[in-house]
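Beneath this line is the structure, given in structure tokens, with notes to follow.
Rule-based calculations on the coordinates, nothing more; no lab input. Keep in mind the model is a prediction, meaning the values are calculated, not measured. Please note: Cβ atoms are built from the backbone with ideal geometry, for glycine as well, and neighbour counts cover all protein chains shown.
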Amino acid sequence: MKTKSKWFLLSGLVVLLVVPLQACYIWGTPPSLTKVQAAVIIQAYGVPNIDQYYAETLEKEASQSRGDIGYVTSTGQWDAKYEGEGNWTIKGAVMTSYWGECLTTWTLNEGTSKIQLIGFESD
């Protein structure tokens, strides 16, 4: 009986030690946000101000200006990917009144809270 209880106690101790280690990021800094939180931040703060973000990053690179994108709403599923060191890439669709549904790609830095629109594709 003592052997069984020692084995049970030992296996329980091993589980307590291993499970937290699996959650640790040994080769990098763990994100402070979840995928859902990163996507919601972009939907709440980036999408309503899309004209400003478009002018800051993409309009400079475009051969001709699109003008104002105007009122947009986020639609469909959004995907967020943690790139390491506090940086996220978030992709999602928005509905515009002029171009219809468009795909947007954003970056978010957790440390600086900087948001950038790095991609805007419409048909």
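Here are the numbers:
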quantity	calculated
The stretch 27-122: relative contact order in percent, alpha carbon pairs under 8 Å with at least 6 residues between	28
Derived scalar couplings ³J(HN,Hα) [the stretch 92-100; Karplus, 6.51 cos²θ - 1.76 cosθ + 1.60; whole Hz; x for Gly, Pro]	x, 8, 10, 9, 10, 6, 8, 9, x
Efficiency of FRET between Gln52 and Thr96 - r from beta-carbon atoms, R0 22 angstrom, step 0.05	0.90
Rough spin-label spacing in nm, given labels placed 7 Å along Cα→Cβ, for Tyr71 and Val40	2.5
Long-range amide H partners of Glu110 with built H, under 5 Å	Asn87, Trp88
Residue-count net charge about Leu103 - beta-carbon cut-off 12 Å; Lys, Arg +1, Asp, Glu -1	-3
